[in-house]
Each structure stands twice: as C-alpha cells, then as structure tokens.
Amino acid sequence: VSFAKITAADLAYFATVLAPARVLTDAEHVARCARDETEDFCHPPEVVLQPVSAEEISAILRYCNTRKISVTPRGAGTGLSGGALALHGGVSLDTRRMNRILHLDERNFQVTAEPGVITQELQEAVREKGLFYPPDPASKGSSFIGGNVSENSGGPKALKYGVVKDYVLSLEAVLPSGEIISTGAATLKNSTGYNLTQLLVGSEGTLAVITKITLRLIPAVPHDLTLLVPFRSAAEACEAVNAIFLAGIAPSALEFMERDAIEWAARYTSTAVDLPQDIAAHLLIELDGPEMERLYGEAEKVADALARFDVGEILFADTADQKAALWNLRRKVGEAVKSHSAYKEIDTVVPRAELPVLLQKVKAIGARHGFRSVCYGHAGDGNLHVNIIKDAMSAGDWITRLPHGVHELFTEVIALGGTLSGEHGIGVVARDYMHLAFAPAALDVMRGIKAVFDPNGILNPGKIFPQEKAAS
Ligand code: LAC
Ligand code: ZN
C-alpha cells in the first residue's frame with residue numbers, strides 16, 4: 001500500500017473544514033504526535049488535525065478517503081502498542097478538543113462523553129453523583145476515554161468489575177466514507193443485529209473514528225482496603241494468586257510485582273518502601289465492599305490463605321494516604337521501567353491458574369536467549385506485563401535474538417490457553433505474531449471486516465495485521 005503525501009492544496013482544504021488554528025504542521029505538534037508511550041518509537045505525521053465535531057471528522061475522512069491519505073486517530077498518546085503512531089505519515093487525528101461530558105444520566109446510571117475526555121475526570125464526574133466507572137488503566141490520569149475504548153483497556157479493577165468493553169452501550173462513529181453511524185442503544189440489554197459496538201471496541205482505530213461514547217455505570221462502592229504482601233519466592237507469589245480465589249475471596253484487584261518493579265518504582269517516585277533483601281515479589285491486593293467490618297474479615301481470610309506460603313510481614317493499608325501511596329507506586333511501575341532502560345513490553349495473558357507456569361517460562365526463555373525481564377501486572381486476571389530489559393544485551397542481539405525469544409514466549413502463552421494481549425492491544429508491537437493466535441481463515445475474516453469498513457485502507461494502516469511481505 002502506498003498513500004498520497006499531503007500537499008499545500010490538502011492543507012488549504014483542511015483549513016476550510018477546520019479553523020486554520022486547528023490544522024497544525026509546526027515542529028512541536030508534529031513531534032508530540034509522533035510518539036505514544038510505546039518503547040522509543042517515533043513516526044511523525046505530516047499534519048495534526050484537531051477536529052471538534054463528528055461533522056468535521058466526516059469531512060476530513062471523506063476527503064482523505066478520496067485522496068488516499070492515511071489517517072491515524074489519536075487519544076492522549078498513552079498507548080503501549082503503538083496504536084496512535086502514524087506509521088505512514090499522513091494525518092494524525094488528534095481528539096483532544098473533543099473533551100466534553102455530554103450527558104450524565106443519573107436516572108439510568110449512564111454517561112455519554114466525547115472521546116477526548118480524560119478517564120479519571122470522567123470517573124470523578126460520575127463519582128460526584130454516587131456512581132462508578134471502574135476501568136482504571138495505569139494512565140487514567142491522562143489517558144482519554146476514546147483511546148481506552150479503542151484499545152479495550154483494563155487496569156487493576158478489571159478483575160472484579162470487567163474491562164472497558166463491559167461498560168460500552170453505544171457508540172457514534174465516522175466511517176472512512178464520511179458516513180456517521182450509531183451502534184447499540186442506551187439499554188442494558190440488546191439483542192438487535194450484529195454487535196457493531198463490540199466490534200469497534202478494541203478495533204484500535206482501524207475501522208472507524210469514535211466520536212461519542214455511552215457507558216453504563218454502577219453504584220459507587222464506599223469502602224476498600226489494600227494489602228501489600230511480600231514473598232520470598234516470585235513463583236510462590238504467583239501460586240498464591242489462585243489460592244486466594246480458591247479460598248472464596250473475590251478481591252477488587254490482585255496485582256503482582258517482581259522485586260525490581262517495586263524497587264524501581266519506589267526510586268522513580270521517591271517513595272520510602274521497606275524492602276528486605278530476601279523479598280522477591282509482592283502481591284498488592286485490594287478488597288472492596290459496602291461495609292468496612294466485612295473487609296477486615298476478608299483480609300484475615302486472605303492472610304489465612306497465604307499462611308502456607310513463605311511471606312514476609314503483610315502491610316495493611318486502610319487510610320486514604322497509605323492506599324494512595326501504594327497504588328501510586330503500582331501505577332508508576334511502567335514509567336519507572338521505561339526510565340530505567342530500553343525495554344520491550346509483552347502484554348501476555350493466560351488463564352489465571354496458569355500464571356505460575358507462565359512466569360517460569362518467561363524466565364526460562366530469557367535464560368536461553370540471554371535477556372533479563374521484570375514482570376508485573378494484573379495477576380488475578382492472568383495478565384502479566386513482561387518487560388524485557390535491554391541493559392546488558394548487545395544492540396545486535398536485541399534486534400536478531402529478541403524476536404526469537406518473543407516468538408517462543410507467545411507460542412508458550414498460546415499453548416497455555418492464553419493470547420497475545422490482555423489490555424494493550426496488538427498495534428504495531430504484536431502484529432507479526434497474530435498468525436500464532438489465529439488460523440489463516442480467522443485472519444481472513446478480520447481482513448474482510450476491515451475491508452467492509454475501510455476499503456481503501458486509510459484508517460490507521462499498519463496496525464493489527466501481520467505486515468505484508470513486499471513483492472520482489
Ligand atoms: C500497567 C500498564 C502498563 O498495568 O498496563 O501498569
Ligand atoms: Zn496493565
């Protein structure tokens with residue numbers, strides 16, 4: 001595929017559709033939109049467009065579709081799979097000015113928002129009405145709800161409350177043809193035709209541009225407490241995860257952090273953490289519910305379930321400050337790893353009970369291919385973020401040996417009943433492994449769907465699908 005380069009005439013056209021101040025080619029905007037949070041990738045767009053309405057997006061897409069200009073939708077740029085990177089240049093469609101909460105329907109426990117609303121701001125707005133939108137990616141303080149929908153994000157609370165897809169009731173979206181469609185309905189039940197809503201959720205900006213999102217909400221949960229449990233063996237920490245569930249406890253979050261993860265995050269955030277030499281990993285466990293007394297009882301049950309493992313002293317956090325400090329530490333692990341060394345992140349996910357095997361495979365493959373990893377993530381969901389650390393590896397090995405290691409790891413993940421990404425998406429980082437997860441016929445169905453929505457392939461090209469081999 002080749003795309004048209006943007007000309008002066010194209011820029012002049014965009015300036016008639018948008019206010020000229022929202023057609024941006026200056027170095028600063030181009031540099032900002034050249035990156036997201038994925039490794040050190042950098043793909044500058046040719047122009048950054050900042051629409052404020054579905055109608056403006058419709059005009060942009062209709063034009064680009066005719067001209068064969070590639071268009072890459074963009075949220076806050078916090079993604080970890082390269083979804084917002086303009087691999088083929090063209091337009092970066094920056095949704096930051098579409099940041100209104102349009103309707104908070106307290107009677108029906110629903111909220112309708114534009115894609116550029118910051119996730120945490122949406123959470124706080126509904127919280128003021130006693131309502132709760134649970135999905136809480138680590139980047140919630142800056143990520144946009146549109147990006148969360150596009151990647152089907154998760155976060156710690158996904159364990160008890162589900163991921164983004166479990167909250168999206170309906171969407172408004174613009175097709176590459178410029179047509180504006182609505183999917184779903186403002187109902188909790190819906191058995192009406194193909195589920196286009198869920199097709200667009202997690203489609204990584206490759207099918208349509210989402211311009212309006214209606215989410216269901218649940219009543220706020222008043223109480224929670226957090227436990228930090230140190231383990232002398234990382235393998236045991238992984239085994240303990242399932243033991244907690246088998247003891248009949250359903251935590252609202254259950255996170256795993258290897259020692260390096262917590263140590264680097266503590267340094268990165270200047271947080272004092274007591275980290276005895278013999279501690280190899282931690283579980284961070286959150287319990288929530290309507291009554292505090294019950295949570296203390298559940299915490300004791302957790303401690304009982306963990307008694308047969310080699311754990312250090314459990315830290316109970318029940319004040320707002322203590323809890324905030326622990327969760328801040330957890331949320332900053334990703335940034336801390338990034339600041340420590342070049343790295344490659346793999347968003348592995350397996351059935352929960354297979355987590356101990358997964359960790360063991362990660363370390364064995366690392367030993368074979370000469371790489372070190374630091375693992376952390378949503379253990380209760382079997383979702384382990386494997387961060388391969390470049391530090392000691394030579395540049396040559398990083399390029400030639402690492403892909404073999406990643407290939408082996410994904411092969412093991414799939415053999416365990418898992419898949420390529422739990423919550424970060426495929427984007428550009430995992431596209432070349434899609435054939436491990438899907439047979440050719442299944443990939444062809446996906447390509448067929450892509451062609452129905454986007455026959456010219458202008459929307460977010462280069463993502464999800466294995467790269468076509470150049471004809472020689
Ligand atoms: C986290 C991000 C990396 O769990 O998904 O911190
Ligand atoms: Zn995560």
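Derivation of every value follows stated rules applied to the coordinates shown; laboratory data play no part. All values reported here derive from a predicted model rather than from experimental measurement. Reconstructed Cβ throughout: ideal geometry from the backbone, glycine too, with neighbour counts over all protein chains shown.
Listing for the model above:
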quantity: Charge-dipole axis of the chain as Lys and Arg at +1 and Asp and Glu at -1 on Cβ define it, positive-most pick from 82, 130, 193; calculated: 193
quantity: Cross-link reach list, aspartates and glutamates versus residue 5, counting only Cα pairs under 15 Å and skipping chain neighbours closer than eight places; calculated: 46
quantity: Å³ per residue enclosed by the Cα convex hull of region 296-383; calculated: 141
quantity: Degrees, to the nearest 10: 292-306 long Cα axis against longest axis of the chain; calculated: 70
quantity: The chain, relative contact order [Cα under 8 Å, separation at least 6], %; calculated: 16
quantity: Pairs of lysine residues in region 321-441 - Cα separation under 18 Å, sequence separation of 8 or more or cross-chain; calculated: 7
quantity: Order of 36, 304 - criterion: other Cβ atoms within 10 Å of each residue's Cβ, fewest first; calculated: 304, 36
quantity: Rounded tilt (10° steps) of 402-415 against the dominant C-alpha axis of the chain; calculated: 70
quantity: Residue order, fewest to most surrounding Cβ atoms within 10 angstrom, among 183, 192, 271; calculated: 192, 271, 183
quantity: Extension gain from residue 315 to residue 451, taking 0.36 nm per residue of separation minus the Cα-Cα distance; calculated: 43.7 nm
quantity: Tilt relative to the chain, helix 355-369 - C-alpha long axis, 0 to 90 degrees, to 10; calculated: 70
quantity: Estimated 222 nm signal from helices in the chain, with DSSP H stretches of n ≥ 4 weighted -39500 (n - 2.57), rounded to 500; calculated: -10500 deg cm²/dmol
quantity: Neighbour-count order for 327, 264, fewest beta carbons within 10 angstrom listed first; calculated: 327, 264
quantity: Inter-label distance, nm, simple model (7 Å from Cα along the C-beta direction), residue 2/residue 246; calculated: 6.1
quantity: FRET efficiency for residue 32 and residue 199, using Cβ-Cβ distance with R0 set to 25 Å, rounded to 0.05; calculated: 0.25
quantity: Sequence-distant residues sharing a close amide H with residue 132 (under 5 Å, placed H); calculated: 218, 220
quantity: Using a Förster distance of 22 Å, the FRET efficiency for residue 55-residue 103 (Cβ separation, nearest 0.05); calculated: 0.70
quantity: Length released on extending from residue 339 to residue 304, taking residue separation times 0.36 nm less the Cα-Cα span; calculated: 8.8 nm
